[in-house]
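Asks: Take a look at the following structure, please.
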Ligand SMILES: Nc1nc2c(c(=O)[nH]1)N[C@@H](CN(C=O)c1ccc(C(=O)N[C@@H](CCC(=O)O)C(=O)O)cc1)CN2
Ligand SMILES: NCC(=O)N[C@@H]1O[C@H](COP(=O)([O-])[O-])[C@@H](O)[C@H]1O
């Protein structure tokens, strides 16, 4: 029988083919305009690993995109193992996983500590030394003879709710196409059929669902059905991006505190479904957009970020709304990047 490629056979299906660097170009930098407040530290719905801090000079590497937040945190036993990098060591040690399993080696062999550049980086294992935590060989892991590897968390899972043209959704989809962004849209939901927002999702290969109020006996039943549909996709955050329905108690019992809404006015001024029209009617000279956390009121939740937009003489509702949306798209993408950074194990936590 011809010998199959051993390295390919050994790599689990979810293992990355190559490791990627961590920094994202979407992180908020000072002077980009707008104001924001610190985000609630809400992480994965599953069991996000709180990863060890990196030591100076160590690089963090990305976990495979396919891994979901509800999967167990990688550890020495289940972490994907890229092969050794020979230039980092003078003598290539016998890798435990290269040995033929016998009764005595069927359990993972204990890696040996020290000697690969970093004083406490493991050798005798298959993870490149720069991946190893400074604390890799300390504490209970050391006592147990196992190491913890520094791997970044899975992308933040987003379910986006839309009711219209979906240009805010598109901005998120475009941002998520960059693997360094740290979030991915796992589903798009709507309260109506036949909208461009759903088409955008389908074009991007994202699953969609529609829950129309009129198909349910009561608003409460619709609310529960919407929450159930969202739950199928196990989101870390729900993003209301032009979603024109108020969600109720059942929905908020499940997603309160982790549902963002973006609104085309500077809240608390002009809440509701017709913010741009109301702002113009009031004669404001400056308006803008707000990203906030949804609560049981109408646009009353905690404000996360805002940006201002000038009203120009002769503006119509459409012209002003279009200029607001240009700013709003960037504000939403930046705010989601902040969510990524704020979660346990996210960039700001490292
Ligand atoms: N419980 C909440 N749900 C939602 C909020 C919120 O703050 N609390 N924000 C909205 C989005 N939104 C403005 O940002 C908004 C959307 C819709 C309405 C509204 O009055 N909707 C009516 C229907 C109006 C229509 O279809 O034209 C309704 O729900 O019956 C107000 C504010 C996301 N959900
Ligand atoms: N009160 C909710 C509300 O007015 N939402 C607004 O609908 C627009 C959606 O644009 P899009 O469909 O092009 O993404 C956005 O301006 C959003 O703030």
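Just so it is clear, none of the values below were taken in a lab; they were calculated from the coordinates. Predicted, not measured: the structure shown is a model, and the values here were computed from it. Counting neighbours? That spans all protein chains shown, and the Cβs are built from the backbone with ideal geometry, glycine included.
Asks: Among 226, 168, rank each residue by its count of other Cβ atoms within 10 Å, from fewest to most, as a rough exposure measure.
Replies: 168, 226
Asks: Using 0.36 nm per residue of separation minus the Cα-Cα distance, give me the extension gain between residue 317 and residue 254 in nm, one decimal.
Replies: Details: separation 63, 0.36 × 63 = 22.68 nm, distance 3.49 nm.
Taking residue 317 through residue 254 to full extension adds about 19.2 nm, to one decimal.
Asks: Taking neighbour counts of Cβ atoms within 10 Å as a proxy for exposure, in what order, fewest first, do 307, 192 appear? Walk me through the intermediate numbers first.
Replies: Working: 307 20, 192 17.
Lowest to highest Cβ neighbour count: 192, 307.
Asks: Could you give the spread of the C-alpha atoms of the range 156-342 along their three principal axes, from largest to smallest, in whole angstroms?
Replies: Taking the Cα atoms of the range 156-342, the three principal extents are 46, 42, 32 Å.
Asks: What percent of all Cα-Cα pairs in the range 195-304 falls into each 10 Å bin, going from 0 up to the bin containing the maximum distance?
Replies: All Cα pairs, binned at 10 Å, distribute as 13, 39, 35, 12, 1 percent.
Asks: Next up: Calculate, in nm to one decimal, what residue 218 and residue 179 gain on full extension: separation in residues at 0.36 nm each, minus their alpha carbon distance.
Replies: 9.9 nm
Asks: Using a 10 Å cut-off around each Cβ, can you sort 206, 312 from fewest to most neighbouring Cβ atoms?
Replies: Fewest-to-most Cβ neighbours within 10 Å comes out as 312, 206.
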